[in-house]
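The values are calculated or read from the model by the stated rules, or taken from the named source; none is laboratory data. What you see is a predicted model; the values in this text were computed from it and never measured. All Cβ positions, glycine included, derive from the backbone under ideal geometry; neighbour counts span all protein chains shown. Each accessible area value is taken on the protein alone, full model and side chains, heavy atoms only, with ligands, DNA and RNA left out. Shrake-Rupley method; radii C 1.70, N 1.55, O 1.52, S 1.80 Å.
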Amino acid sequence: MIEYSPFWNTLKNSTESTYTLITQYHVSSATIDKLRKNKPMNTTTLNDLCRIFDCQIQDICQYTPSTKDQHL
């Protein structure tokens, strides 16, 4: 499962807020909701977040094995 707890730590340690992401960078509130709920999002959005925070992908998301993952 891809989860976004690193994003929340990155956000906390930055000068940005969810408000500035929405108003200044035009990140949708739906994207913020996906981050909160660990829902899938596209790589373009992940790229945008890395650019905003000038960080690496592991500062936004991480893979954690889960029994809820679909069976391969």
Is it the case that the stretch 36-46 has a residue that's β-branched (Val, Ile, Thr), out of contact with any Lys or Arg (no Cβ under 8 Å at 6 or more places or on another chain), assigned to a helix (DSSP H, G or I) and open to solvent by 100 Å² or more (accessible area, probe 1.4 Å)? yes
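When you look at PRO65, is it in contact (Cβ under 8 Å) with a residue 40 or more places away in the chain, assigned to a loop (DSSP other than H, G, I, E, B) and surrounded by fewer than 16 Cβ atoms within 10 Å (Cβ to Cβ), yes or no? Please lay out each step first, then the result.
Working: in contact (Cβ under 8 Å) with a residue 40 or more places away in the chain: yes; assigned to a loop (DSSP other than H, G, I, E, B): yes; surrounded by fewer than 16 Cβ atoms within 10 Å (Cβ to Cβ): yes.
Judged against the criteria, PRO65 is a match.
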Within the stretch 7-33, work out how many residues are of a type in the set (D, E, K, R) and either modelled with pLDDT under 95 or surrounded by fewer than 16 Cβ atoms within 10 Å (Cβ to Cβ) (or both). 2
Kindly indicate whether any position in the stretch 47-56 is loosely packed, with under 15 Cβ neighbours inside 10 Å and either in contact with a helix residue (DSSP H, G or I) (Cβ under 6 Å, 6 or more places away or on another chain) or in a loop (DSSP other than H, G, I, E, B) (or both). yes
